[in-house]
1. Any residue in the range 275-294 that's acidic (D, E): show its pairings with residues that are surrounded by 14 or more Cβ atoms within 10 Å (Cβ to Cβ) and assigned to a loop (DSSP other than H, G, I, E, B) at Cβ separation under 8 Å, as long as the two are six or more apart or on different chains.
2. Considering only residues of the range 180-203 that are surrounded by 22 or more Cβ atoms within 10 Å (Cβ to Cβ) and more than 9 Å from the ligand (Cβ to nearest atom), which is farthest from A283 (Cα to Cα)?
3. Could you say which residue among F108, F54 is of a type in the set (A, V, I, L, M, F, W, C) and modelled with pLDDT under 95?
4. Applying the selection to the range 84-98, what residues are part of a helix (DSSP H, G or I) and either in the same structural domain as K205 (by TED's automatic domain parsing) or within 29 Å of P193 (Cβ to Cβ) (or both)?
5. Let me spell it out: the conditions are (1) buried (at least 22 other Cβ atoms within 10 Å of the Cβ); (2) under 20 Å from the mean Cα position of the chain (by Cα); (3) away from the ligand (no atom under 13 Å from the Cβ), and N163 meets all of them except one. Which number is the exception?
6. Taking V81 as meeting all but one of (1) at pLDDT 95 or above; (2) under 30 Å from G160 (Cβ atoms); (3) not in a loop (DSSP other than H, G, I, E, B), write down the number of the exception.
7. Considering the range 124-145 alone, what residues qualify as being more than 13 Å from the ligand (Cβ to nearest atom) and touching a Gly at 6+ places or on another chain (Cβ under 8 Å)?
8. Quick check, is I236 in the same structural domain as T194 (by TED's automatic domain parsing), β-branched (V, I, T), closer than 26 Å to A301 by Cα and touching a Pro at 6+ places or on another chain (Cβ under 8 Å)?
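The values are calculated or read from the model by the stated rules, or taken from the named source; none is laboratory data. None of the values given here were measured: they were computed from a predicted structure. Note: ideal-geometry Cβ built from the backbone for every residue, glycine included; neighbour counts use all protein chains shown.
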Amino acid sequence: MLKKVTIALLGFGTVGKGVYQSLKNHQNRMKNELGFTIEIAAIVVKHPEKHHDFGDTTLITTDFHTVLNNPDIDVVLEAIVGREPAFSYVKQSIEAGKHVITANKEMFAHHGSTIIELSKDNGVQIGFEATTAGGIPVINTIKKLFQFNTINNVTAILNGTSNYILTEMRVREVSFEVALKQAQELGYAEVDPTNDIEGYDAFYKLMILSQLIFGKQPDWYSIKREGIKNITVKEIQKYKHQERRVKHVASIEFQDGNITACVEPIVLTREHPLYSIEGVENAVVIEGDIVGKITLSGPGAGALPTASAMLEDLTLIVQSNRSTPILAN
Ligand code: HSE
C-alpha cells in the first residue's frame, strides 16, 4: 500500500520554486523507489501578491500557523532568507514534532547547534545539506563517510556567485557589475547580493562546516572575512597572463585545540585543487588524517542544485522513518 508524506514549504523564492518544480516533474520517483507519495499541503510566503500567476494559489498562505496546527504535515522545508522568522518557524515546527529541512545558511550558522539539540529532544530529524555548497553532498558525506578519519582542515570555494563573477571577469573580461547582474539573472545571487560579494555567505557556510566537523565554531570576530567587490578586471587579467587565478577561498583548520578560519580572495597557481573550479561551481577539499585530501565539486548555487540537496534530505528522512506512525497516514 502506498503511503503519503505531507510537506510544507516555507519561502517561495528561487529555492522553494526549485523544490516545488522538481517534485512536480518527478512525482513517480518517491512512489517507485520508496513506496511513498509526496503531497505539498502549504507554501508559506511573505508577499502573496508576488505569486498571483502561480498555478496552485490555494497552497499559498502568509500564516505559518496553518502549518504548525496541521498535524498531517510531517516535514517542513524551510527556504527563507535571513535569521528571522526562519529560526522561530523551525523551532516551533520541531516542537510540534515535525522533521525540518533547511537551506538557510545564515540562520543555521547562528542557530544550528540549538536546532540539533532541540531536534534530539523532540525525536525529529534535521536536514541541512542545502545550506552548504549547493548541490554537492558535502554535509552528508562528512556526517556518514568521514567517521573513522580525523579531519584537520578544509579549504573550499563556497559561494557560487563569487566564483561565477571572478570567472566571467577573467574569461570574458566583463566588469564586476555586469557579471553580478548575470549571476542575479541566473538565480545564483541572493536577492540582496551583499552577503555573496562581501564574503558573509561563504563565512556562514564555513561556520556550519566547522560546527559539523569540529563540534564548535571559532570566535567569529577573530576571522578574516573579505569579499570580492574590490577586485578589478585589470588585476584578474594581470594574474591570468601569469597563469594564475583569483579565487574566493574559505579555509578552516584545527590545530593544538584551536580553530583558525579565513574567508578571502587568493591568487592560486595551476597546482592548487581549487584552480580549475569555474563558474557557479563550488568545491570542498577535505583533508582526513588517513585518506589524505579529497575534493568534492559540483554546482554551488541555483534553483535545481539547492532543491536537489533538500530533496535528498527529504528522501533520507522518509527512508529512515518508513516504519514510524508519523509517515504512515
Ligand atoms: N547565493 C548563494 C551562492 C546561493 O551564490 O553561493 C547558494 O547558497
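1. What qualifies is E281/G300; D289/N149.
2. Top of the filtered list is L180.
3. Details: F108 fails: modelled with pLDDT under 95.
The conditions single out F54.
4. Listed by number, the residues that qualify are A86, F87, S88, Y89, V90, K91, S93.
5. (3) is the only condition that N163 fails.
6. Among (1) at pLDDT 95 or above; (2) under 30 Å from G160 (Cβ atoms); (3) not in a loop (DSSP other than H, G, I, E, B), the lone unmet condition for V81 is (3).
7. Our first condition is that a residue be more than 13 Å from the ligand (Cβ to nearest atom); within the range 124-145, this holds for 124-127, 137, 140-145.
Correct list: V124 only.
8. Values: in the same structural domain as T194 (by TED's automatic domain parsing): yes; β-branched (V, I, T): yes; closer than 26 Å to A301 by Cα: yes; touching a Pro at 6+ places or on another chain (Cβ under 8 Å): no.
No, not satisfied.
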